[in-house]
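Take a look at the structure below.
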Amino acid sequence: MVKVVLKVRKKGVLILPKPLREAAGIGEGEVSAEAREGEIVIRPLKPRVVDIDPQIIKELLSEERGLEEEKFKRILREVRG
């Protein structure tokens, strides 16, 4: 366990020393922070991997393409019209 005393600067800036970041698995990027019962909990913000059926993606993209084609045809009729 790594423990350090940190100084909160005038504008609320808090610097996390490298050993503390490494121990918590925090790299460059965003973190999530929450206050609870007199504590502040800071965690690395890691993207969530979601398993999606490729067929669903294909259907959604196909539907989107159809909508865009209809929109284009409508605009073209209005311009010619």
So which residues in segment 2-38 are under 22 Å from the mean Cα position of the chain (by Cα) and in a helix (DSSP H, G or I), if there are any at all? ARG21, GLU22, ALA24
Filtered residue count, segment 26-77, keeping only those that are touching a Leu at 6+ places or on another chain (Cβ under 6 Å) and either modelled with pLDDT of 95 or more or not β-branched (Val, Ile, Thr) (or both): 2
Please go through segment 52-61 and pick out each residue that is part of a helix (DSSP H, G or I) and exposed (fewer than 10 other Cβ atoms within 10 Å of the Cβ). PRO54, GLN55, ILE56
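The values are calculated or read from the model by the stated rules, or taken from the named source; none is laboratory data. In this text, all values refer to a predicted model and were calculated from it rather than measured experimentally. Neighbour counts are summed over all protein chains in view; Cβ atoms, including those assigned to glycine, are modelled from backbone coordinates with ideal geometry.
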